[in-house]
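Data block below; observations after.
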Amino acid sequence: MKKLLFQFDTDANPSVFDTVVGYDGGADHVIGYGNINPDNVGALVDGAIFTRAPKEKKNTAIFIGGSNMDAGQQLLLAVQQHFFPGFQVSVMLDSNGSNTTAAAAVAKLAGSRSLAGKKAVVLAGTGPVGQRAAAMMALEGAQVSITSRHLFNAEKACFAMKQRFNVELTPVEANDFESRAAAIKDAHIVLSTGAAGVELLKPEHWQQHPYLEMLADANATPPVGIGGTDVMDKGQLRNGKIIWGAIGFGTLKLALHRACIAKLFESNKQIFDAEIIFELAKQMA
Ligand SMILES: NC(=O)c1ccc[n+]([C@@H]2O[C@H](COP(=O)([O-])OP(=O)(O)OC[C@H]3O[C@@H](n4cnc5c(N)ncnc54)[C@H](OP(=O)(O)O)[C@@H]3O)[C@@H](O)[C@H]2O)c1
């Protein structure tokens, strides 16, 4: 019985990254569909749940991806609403690597020092990775702020995470180097999750910071998000601060993503979203 992974992407083109990791995680075939939304997913789900005998259904699984976190969440709900007792397959949500990247970064930070009671700032935290990472740090007991170039975006992201995880995040507008430096003034932890190739802090904004303990940067595309750090940093001490670079924790992200794909095929009743993926990340870290 072949292991089939149906990749439902909310973007027009199913992510190549997610396809490759689907194979590397153990699927025999990865079948990608683009522009999938709650209105057109029904027939695809039917095809996945009706085709194999109960004990063989674990060999079919669904992966939900795409660049829009909100669209991914809506699609996950729509897929689950199509299931009924005896007719379901396992599903993973990881829009833009949101859950696996956020879980790997936060697990590495939490493995370096406790996050409980710390002030954390997620720079440009309005994308899929930043939103999930902010929620995960809040679930670990940190007081978390999300910055954006526009207050409205930050408020929207905080509201979405409150709705999904019941966590209180603080929105902050910060649209240039000075305002981002001001946003991290009292922080113990900074996680940078800006778009690829965008520098959000210069070295002088953090190197002499009196309270900052840890920094992590998700952006591996030059220039890095936090100037003066290196993508390869794996808990490296720089200016007395612990640094995790994008490749430094990216090894865990990839291992985690592959491990989740492998686990999808262990039974047909699993839903891999932030909580389960984060728990697995902490074990693997
Ligand atoms: N290390 C890994 O394993 C790994 C895996 C996956 C992704 N990534 C990286 O993780 C990062 C976050 O991914 P994502 O998909 O969440 O990011 P994203 O949605 O592309 O961008 C995140 C936020 O960056 C802000 N932004 C965009 N252009 C900007 C600019 N010119 N100046 C300042 N801010 C800007 C936007 O916020 P506002 O418009 O609200 O300001 C946006 O919401 C990316 O760098 C991605 O490449 C890393």
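Derivation of every value follows stated rules applied to the coordinates shown; laboratory data play no part. The structure presented is a predicted model; accordingly, all values stated were derived computationally and were not measured. In this analysis, Cβ positions are derived from the backbone assuming ideal geometry, glycine residues included, and neighbour counts consider all displayed protein chains.
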Query raised in the report: Looking at segment 135-161, which of its residues are touching a helix residue (DSSP H, G or I) at 6+ places or on another chain (Cβ under 6 Å) and assigned to a helix (DSSP H, G or I)?
Result: Ala135, Met136, Met137, Ala157, Met161
Report task. Looking only at segment 46-83, count how many residues are of a type in the set (A, V, I, L, M, F, W, C), buried (at least 16 other Cβ atoms within 10 Å of the Cβ) and under 27 Å from Gly127 (Cβ atoms). Result -> 10
Report task. From (1) crowded, with 24+ Cβ neighbours inside 10 Å; (2) without any contact (Cβ under 8 Å) to a residue 60 or more places away in the chain; (3) more than 9 Å from the ligand (Cβ to nearest atom), pick out the condition that doesn't hold for Val91. Result -> (2)
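Does Thr19 satisfy the criteria of being without any contact (Cβ under 8 Å) to a residue 24 or more places away in the chain and of a type in the set (Ser, Thr, Tyr)?
On the way: without any contact (Cβ under 8 Å) to a residue 24 or more places away in the chain: yes; of a type in the set (Ser, Thr, Tyr): yes.
Against the criterion (without any contact (Cβ under 8 Å) to a residue 24 or more places away in the chain and of a type in the set (Ser, Thr, Tyr)), Thr19 qualifies.
Mind listing whichever residues of segment 226-263 are among the β-branched types (Val, Ile, Thr) and more than 9 Å from the ligand (Cβ to nearest atom)?
At the first step, the residues of segment 226-263 found to be among the β-branched types (Val, Ile, Thr) are 226, 229, 231, 242-243, 247, 251, 261.
Across segment 226-263, the qualifying residues are Ile226, Thr229, Ile242, Ile243, Ile261.
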Report task. Looking for whichever is buried (at least 19 other Cβ atoms within 10 Å of the Cβ) and either among the basic types (Lys, Arg) or free of Cβ contacts under 8 Å to residues at least 12 places away in the same chain (or both) here; the options are Lys253, Lys282. Which one fits? Result -> Lys253
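The rows are residues; the columns are (1) in a loop (DSSP other than H, G, I, E, B); (2) over 26 Å from Leu75 (Cβ atoms); (3) out of contact with any helix residue (DSSP H, G or I) (no Cβ under 9 Å at 6 or more places or on another chain).
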{"position": "Ala102", "(1), (2), (3)": "no, no, no"}
{"position": "Leu109", "(1), (2), (3)": "no, yes, no"}
{"position": "Arg132", "(1), (2), (3)": "no, no, no"}
{"position": "Lys185", "(1), (2), (3)": "yes, yes, yes"}
{"position": "Gly197", "(1), (2), (3)": "yes, yes, yes"}
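Within segment 99-122, restricting attention to residues that are among the polar types (S, T, N, Q) and touching a residue at least 60 places away in the same chain (Cβ under 8 Å), which residue is nearest to the ligand (Cβ to nearest atom)? Quick ask: steps written out before the conclusion?
The first filter runs over segment 99-122 and keeps only residues among the polar types (S, T, N, Q), leaving 99-101, 112, 114.
Still in the list and also touching a residue at least 60 places away in the same chain (Cβ under 8 Å): 99-101, 112.
On the way: Asn99: 10, Thr100: 8, Thr101: 4, Ser112: 16 Å.
Applying the filter and picking the extreme gives Thr101.
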Query raised in the report: Conditions: (1) under 18 Å from Ala107 (Cβ atoms); (2) in contact with a Gly (Cβ under 8 Å, 6 or more places away or on another chain). Pro223 meets all but one. Number of the miss?
Result: (1)
Query raised in the report: Which of the residues belonging to segment 162-201 are surrounded by fewer than 16 Cβ atoms within 10 Å (Cβ to Cβ), over 18 Å from the mean Cα position of the chain (by Cα) and basic (Lys, Arg)?
Result: Lys185
Requested in this report: Would you check which residues across segment 111-137 are of a type in the set (A, V, I, L, M, F, W, C) and surrounded by fewer than 22 Cβ atoms within 10 Å (Cβ to Cβ) and list them?
Outcome: Ala116
Query raised in the report: Which residue, of Val129, Val144, is β-branched (Val, Ile, Thr), closer than 17 Å to Ala281 by Cα and touching a Ser or Thr at 6+ places or on another chain (Cβ under 9 Å)?
Result: Val129
Query raised in the report: Taking only pairs six or more apart or across chains, which ones have beta-carbon atoms under 9 Å, a first residue in segment 150-178 that is of a type in the set (S, T, N, Q), and a second residue that is assigned to a helix (DSSP H, G or I) and surrounded by 12 or more Cβ atoms within 10 Å (Cβ to Cβ)?
Result: Thr170/Ala154; Thr170/Cys158
